[in-house]
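In what follows, a single structure is set out as structure tokens and then discussed.
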């Protein structure tokens, strides 16, 4: 078994991305879709930090990852607020049911 | 019953990681010649820790993708995020590892658990149906995952030979010098997010 290299991290990132895509595409539960989006963002983050460490050097990749984490937190807060609002309006969080922007 | 399920999940994630290990070990010899990747030699403790963390991340992601119960899904996301936080340590991103644990596990996941508890009706556990269908998702995954893994393994990346180093202090300096404007904009975005989330989720708004 080879020692840990860049490719290992890229493979982990790729698998996380594929599984997150699967989650986003196959769920009707809005909260689960948001969790899939979090997985996608994490996959991108792993790739950013891995390339930063092994190829580019410096800190740009880590700074970008930090901003991605911040924006992911913001996205989760607003997204879950919208989910709660949808639940109050439609009494379900099935994403197919949310086809109106009013009550 | 619960333990059988847990055992099944652990075995499934182990199988996935073993598959990745075998695949990358078989496809990696071209990579071994490039600098920065000291291939060969016995498996060290560092390698074992890496494989355990990778198993945690990928197994958790598999749990998110495949579990039918929304509560188990969010707990699987917890493991996945913790695994990714551990992987950051291997990339000399110590601050990011801590930030990942604090923000994702301590913040986002708690938010998600709140949403699950507030929206999921007890008798209606299986809200997590499939819309595209498992077939469509599986086909797409069968296309995307090998493509990404092939790119990761086959491309001869120009790898540097770098030691692990602490980057927290340098990251703080970079945030307040080179990246000051994005840093301040991020705080503005967070403020707007906070106000927006409160306004959107407030119930009294409907009474007006």
Legend entry - Filter result for residue B:127 (crowded, with 17+ Cβ neighbours inside 10 Å, outside any helix (DSSP H, G or I) and either modelled with pLDDT under 85 or facing chain A (nearest Cβ under 8 Å) (or both)): yes
Inset, instruction - List the number of the failed condition for residue A:57; all other conditions in (1) more than 7 Å from every other protein chain (Cβ to nearest Cβ); (2) out of contact with any helix residue (DSSP H, G or I) (no Cβ under 9 Å at 6 or more places or on another chain); (3) within 24 Å of residue B:160 (Cβ to Cβ) hold. - result: (1)
Inset, instruction - Kindly list, by first and then second residue, each pair from a residue in segment B:92-117 that is within 9 Å of chain A (Cβ to nearest Cβ) and touching a residue at least 12 places away in the same chain (Cβ under 8 Å) to a residue that is in a loop (DSSP other than H, G, I, E, B) and crowded, with 16+ Cβ neighbours inside 10 Å, limited to pairs with Cβ atoms under 7 Å and residues at least 6 apart or on different chains. - result: B:92/B:167; B:93/B:167; B:95/B:167
Inset, instruction - Can you work out which of the residues in segment B:164-177 that are closer than 17 Å to residue A:56 by Cα and without any contact (Cβ under 8 Å) to a residue 60 or more places away in the chain is surrounded by the most Cβ atoms within 10 Å (Cβ to Cβ)? - result: B:174
Inset, instruction - Of the numbered conditions (1) assigned to a loop (DSSP other than H, G, I, E, B); (2) at pLDDT 70 or above; (3) surrounded by 12 or more Cβ atoms within 10 Å (Cβ to Cβ), residue B:43 fails exactly one; give the number of that condition. - result: (3)
Inset, instruction - Give me a count of the residues in segment A:76-103 that are more than 8 Å from chain B (Cβ to nearest Cβ), surrounded by 17 or more Cβ atoms within 10 Å (Cβ to Cβ) and either over 23 Å from the mean Cα position of the chain (by Cα) or part of a helix (DSSP H, G or I) (or both). - result: 2
Inset, instruction - Quick one: which residue in A:51, A:67 is under 22 Å from residue B:170 (Cβ atoms), surrounded by fewer than 21 Cβ atoms within 10 Å (Cβ to Cβ) and facing chain B (nearest Cβ under 7 Å)? - result: A:67
Inset, instruction - From B:205, B:188, grab the single residue that is modelled with pLDDT of 85 or more and part of a helix (DSSP H, G or I). - result: B:188
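The values are calculated or read from the model by the stated rules, or taken from the named source; none is laboratory data. All of these numbers come straight from a predicted model, not from anything done at the bench. Don't worry about glycine lacking a Cβ; one is built from the backbone with ideal geometry, like all the others, and counts go over all protein chains shown.
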